[in-house]
1. Identify all residues within segment 186-196 that are surrounded by fewer than 18 Cβ atoms within 10 Å (Cβ to Cβ), within 7 Å of the ligand (Cβ to nearest atom) and in a helix (DSSP H, G or I); write none if there are none.
2. Cβ-Cβ distance below 8 Å, separation of 6 or more or different chains: which pairs start in segment 126-138 with a residue that is on the phi > 0 side of the Ramachandran plot and end on one that is at pLDDT 95 or above and buried (at least 19 other Cβ atoms within 10 Å of the Cβ)?
3. When only residues in segment 163-182 that are assigned to a loop (DSSP other than H, G, I, E, B) and either within 15 Å of the ligand (Cβ to nearest atom) or not assigned by TED's automatic domain parsing to the domain that holds residue 103 (or both) count, which is farthest from residue 93 (Cα to Cα)?
4. Does residue 24 satisfy the criteria of being within 16 Å of the chain's Cα centre (by Cα) and assigned to a helix (DSSP H, G or I)?
5. Could you say which residue among 159, 144 is in contact with a strand residue (DSSP E or B) (Cβ under 6 Å, 6 or more places away or on another chain), in a helix (DSSP H, G or I) and within 15 Å of the ligand (Cβ to nearest atom)?
6. Testing residue 99 on (1) loosely packed, with under 15 Cβ neighbours inside 10 Å; (2) over 30 Å from residue 141 (Cα atoms); (3) within 11 Å of the ligand (Cβ to nearest atom), one condition comes back false. Which one is that?
7. Output the residues belonging to segment 16-28 that are in contact with a helix residue (DSSP H, G or I) (Cβ under 6 Å, 6 or more places away or on another chain) and modelled with pLDDT of 95 or more.
8. Which one of 88, 14, 30, 54 is more than 9 Å from the ligand (Cβ to nearest atom), within 30 Å of residue 153 (Cβ to Cβ) and free of Cβ contacts under 8 Å to residues at least 24 places away in the same chain?
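The values are calculated or read from the model by the stated rules, or taken from the named source; none is laboratory data. Computed from a prediction, not measured in an experiment: that's the story for all the values here. Cβ atoms come from the backbone with ideal geometry, glycine included; neighbour counts cover every protein chain shown.
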Ligand code: B12
């Protein structure tokens, strides 16, 4: 088994204690950080499919998520870019009722690498909290909202519309597995991206 396949298998099996060493070994063996990340994201899809099929349950999803987060910690310094030129502050959070944060954390990492000063509000963030954070922080140029459940898509809409009502010119980007470009446009967001890499490209475009 290649090192990268080992990482993939460890995430799927939720072996959080072994993952950091395995990711480091994959890096040492010459695997690219992006390829290791893609492998871990693919593992989470497998985990999601197993959950849909009733083969695993919430606790197994949770330990797989914990493993992935530990792997991402090792990749973070490797993937970080030159952040000497700040593009401004970005407020990010997962919307109300939603506890998924792996995707959000990856977007935070990529936007930070792209040059944004990131304020991460965490998960289950009520719409008004995004507005408070804009008021409390300097030079906020972008709000990024994540939503992973079809049931929290209305909360995504509320977040965008609450921010826009308070700050009509504030740029808002949304994303998460159930979100489509059409839905993003429908709820009044300025941008959408399907993954963390393209989120950074889109975010830069929005504030240019
Ligand atoms: C891990 C996981 C959990 C963990 C989360 C732990 C954590 N710390 O995040 C736990 C166990 C807590 C969990 C709970 C639940 N989950 Co869950 N979970 C998952 C799983 C397996 C992986 C999610 C993930 O991390 N993916 C990997 C990351 C990298 O991908 P991502 O999140 O999509 O993010 C990328 C893009 O979407 C994008 N992106 C994300 N956010 C943003 C934001 C912006 C601005 C932009 C531009 C881009 C962007 O960039 C990211 C990086 O590339 C998915 C299955 C799946 N295939 O997604 C189910 C899944 C999302 N969960 C699901 C469900 C049903 C639940 C529960 C309701 C289960 C239950 N019965 O309790 C609860 C809900 C809890 C809650 N209130 O939030 C369903 C959702 C179905 C639906 N259509 O709504 C899924 C799809 C599983 C399934 N196949 O049924 N879950």
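1. If we filter segment 186-196 for residues that are surrounded by fewer than 18 Cβ atoms within 10 Å (Cβ to Cβ), which is where we start, we get 186, 188, 194-195.
Next, from what is left, pick out any that are within 7 Å of the ligand (Cβ to nearest atom): 194-195.
Scanning segment 186-196 gives no hits.
2. Qualifying pairs under 8 Å: none.
3. The first filter runs over segment 163-182 and keeps only residues assigned to a loop (DSSP other than H, G, I, E, B), leaving 167-170, 176-180.
Then drop every residue that is not either within 15 Å of the ligand (Cβ to nearest atom) or not assigned by TED's automatic domain parsing to the domain that holds residue 103 (or both), which leaves 170, 176-180.
Working: 170: 16, 176: 11, 177: 15, 178: 16, 179: 15, 180: 18 Å.
By that ranking, first place goes to 180.
4. Details: within 16 Å of the chain's Cα centre (by Cα): no; assigned to a helix (DSSP H, G or I): yes.
It is false that residue 24 is within 16 Å of the chain's Cα centre (by Cα) and assigned to a helix (DSSP H, G or I).
5. Numbers: 144 fails: in a helix (DSSP H, G or I).
Checking each option against the conditions leaves just 159.
6. Of the numbered conditions (1) loosely packed, with under 15 Cβ neighbours inside 10 Å; (2) over 30 Å from residue 141 (Cα atoms); (3) within 11 Å of the ligand (Cβ to nearest atom), the odd one out for residue 99 is (2).
7. Taking segment 16-28 as the starting set, the residues that turn out to be in contact with a helix residue (DSSP H, G or I) (Cβ under 6 Å, 6 or more places away or on another chain) are 16, 18-20, 22-26.
Once the filter is applied, which keeps residues that are in contact with a helix residue (DSSP H, G or I) (Cβ under 6 Å, 6 or more places away or on another chain) and modelled with pLDDT of 95 or more, segment 16-28 yields 18, 19, 20, 22, 23, 24, 25, 26.
8. Details: 88 fails: free of Cβ contacts under 8 Å to residues at least 24 places away in the same chain; 14 fails: free of Cβ contacts under 8 Å to residues at least 24 places away in the same chain; 30 fails: within 30 Å of residue 153 (Cβ to Cβ).
None of the others qualify; the one that does is 54.
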